[in-house]
Amino acid sequence: SLEVLRMDAEGRLWRRKVGEAGAARYERVGAAGCLPQQCSRAPPAFGEKPPPVSARGIIKRLAVRIEPRIVRPPKGWKKAREAAEDDLVTEAADRHLAASYSPLLAKCLQRALPRRLKASLDIDYPPDFMPRAMRDKPNEVLALDLDLDFAVRFDSREELFGDDVRSLGGYTSTVAVKDNDARLVLFARGHNGLPSLGTLELRSLRVDTSSLAWWDVFDGAIELAFKKDAPPVIDWNIEVAMGTPRLPLPSCIEDAFLAWLTGMVMRSFNRAYPLKVDLDASSTAKEGSECDEEEVRGEEEEVVKDATLDLASAKA
């Protein structure tokens, strides 16, 4: 399971515990060379009565630049829409193979290659291409061409973007006003005898992407595809420690290789297999949680009312 821990200035991990009386304290998470008895007798961290970590000031700097452009269908779009029920990805890939190889080899590849591999070929999609899930009601779908630069820092207020980005449109940047020196890390905790995987601390992140988005306005669904000619670029500064001893990984792996691997995963979401985001599901879950809170508050009010009535009858 994943949990959020707090790290002190010496790199030790602490888990916040709240007692029955509501008093909060921090327990040191066991590390190599620290027995549970020794960890439990560790001096209290962050004061005798530490307050909860405030969300203000955790993000030191946030910068976003977005340039959306509406993709308008060309003339004759209705005529092209009549063939949109077909598998346009396979058809375009088969044409690409037929034009690139001999007839016999192209025919063999057309039959042998699965659709996932065909989608990774350098094929030309029609200008009015839409994913399969969006073709039933194309008039309700808004196609967007998005250029997005996103940068966030948790370690300092210094910029991640260059000075040239200020001349581009849609650039906004915010800097934290409140000082907050709390360091939060993700801890992959093992259960049922399984060892813990380690910790991850994100210090800074920058994402530069160029993508296509199809937004079904009425159904509340978005499908996002990253372009092949402008693949996403990930640049981050993370600290990864493996296992219970928290063995650090070299920077060439945690900052370079893992960022490259994350970019490769993002590139797999192409026009044939876009990333699906259901906006209605998130809003429904939020409404459900609000309803649950209201039910809990109603039950608590009923309990208090019953206790008050019992007390009044006892006095009478």
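For this structure, a couple of remarks:
- For Arg61, residues with placed amide H under 5 Å, excluding near neighbours: Arg153, Ala176
- Measuring between alpha carbons in the structure, the pairs from Lys227/Lys276; Lys118/Lys276; Lys60/Lys276; Lys17/Lys276 lying more than 27 angstrom apart are Lys60/Lys276; Lys17/Lys276.
- Residue-wise HN-Hα coupling along segment 201-206, computed from phi with Karplus coefficients 6.51, -1.76, 1.60 (Hz; x: Gly, Pro): 10, 8, 9, 8, 8, 9
Read-outs: derived from the displayed coordinates by stated rules, not from any lab. All values reported here derive from a predicted model rather than from experimental measurement.
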